[in-house]
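J.: Can you keep this structure in mind? I'll have questions shortly.
The values are calculated or read from the model by the stated rules, or taken from the named source; none is laboratory data. These figures come from a predicted structure and were not determined experimentally. Positions of Cβ are backbone-derived with ideal geometry, glycine not excepted, and every protein chain shown enters the neighbour counts.
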Amino acid sequence: MRIVIGAPGNGAALKDAMVAHLEADERVSEVIDLSTADITYPDVSFQAARAILDGKADRGILVCGTGVGTAIAASKVSGMRAATAHDVITARGAVENYDAQILCMGQNVIAAPAANALLDVWLDARHDPASAYGAKLQEIAAFESR
């Protein structure tokens, strides 16, 4: 799986720990880090979402202070679903139920070992469009296209 990842300065330390974890994971074929010293959370969020839409990555991870700002920004890109998760149930459900392509976390909220444990769950999660949530996602997509 190809993962795009990015963070502004207030998420850089957690993002760096996650990059190291992902690069050591055999499920991950490529890690694309969009972070720069002066990037803003909206800019990195938009870039990550576009990388997924353009087929350059399969999923994305964004880190800021809380994970909320990046989720809001990335979800503004049409067709993208970003979810903030700091626990196993939400990280798994973001993919399995809601088919979120981007996982967002907050450096001020979660420590690197816990975040990396969530990455392990998230990497294994898959969405089933035939599930009960499939019809709800179609309803959301129909609303967005209006």
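J.: Is there a residue being touching a Phe, Trp or Tyr at 6+ places or on another chain (Cβ under 9 Å) and surrounded by 22 or more Cβ atoms within 10 Å (Cβ to Cβ) anywhere in the stretch 42-55?
T.: No, because not a single residue in the stretch 42-55 is touching a Phe, Trp or Tyr at 6+ places or on another chain (Cβ under 9 Å) and surrounded by 22 or more Cβ atoms within 10 Å (Cβ to Cβ).
J.: Oh, and also: Within the stretch 105-139, can you find the residues that are over 21 Å from residue 58 (Cβ atoms), modelled with pLDDT under 95 and surrounded by fewer than 12 Cβ atoms within 10 Å (Cβ to Cβ)?
T.: Listed by number, the residues that qualify are 132, 135, 138, 139.
J.: Take the residues of the stretch 82-92 that are under 18 Å from residue 127 (Cβ atoms) and in contact (Cβ under 8 Å) with a residue 24 or more places away in the chain: which is surrounded by the fewest Cβ atoms within 10 Å (Cβ to Cβ)?
T.: 88
J.: Let me ask something else about it. Since residue 108 meets every condition but one in (1) in a loop (DSSP other than H, G, I, E, B); (2) touching a residue at least 40 places away in the same chain (Cβ under 8 Å); (3) in contact with a helix residue (DSSP H, G or I) (Cβ under 6 Å, 6 or more places away or on another chain), which condition does it not meet?
T.: Here residue 108 clears every test but (3).
J.: Take residue 60 and decide whether it is at pLDDT 95 or above and either more than 13 Å from residue 82 (Cβ to Cβ) or outside any strand (DSSP E or B) (or both).
T.: Considered against the rule, which asks whether it is at pLDDT 95 or above and either more than 13 Å from residue 82 (Cβ to Cβ) or outside any strand (DSSP E or B) (or both), residue 60 comes out as no.
J.: Could you list, in sequence order, the residues of the stretch 63-90 that are closer than 15 Å to residue 7 by Cα, of a type in the set (Gly, Ala, Ser) and either in contact with a His (Cβ under 9 Å, 6 or more places away or on another chain) or in a helix (DSSP H, G or I) (or both)?
T.: Passing the criteria: 67, 69, 71, 73, 74.
J.: Residue 70: among the polar types (S, T, N, Q), surrounded by fewer than 24 Cβ atoms within 10 Å (Cβ to Cβ) and either modelled with pLDDT under 95 or under 22 Å from residue 108 (Cβ atoms) (or both), yes or no?
T.: no
J.: In the stretch 17-40, what residues are farther than 16 Å from residue 67 by Cβ and part of a helix (DSSP H, G or I)?
T.: 19, 20, 21, 22, 23
J.: Considering (1) buried (at least 21 other Cβ atoms within 10 Å of the Cβ); (2) within 20 Å of residue 143 (Cβ to Cβ); (3) not polar (S, T, N, Q), say which one residue 79 fails and leave the rest.
T.: Every listed condition holds for residue 79 apart from (1).
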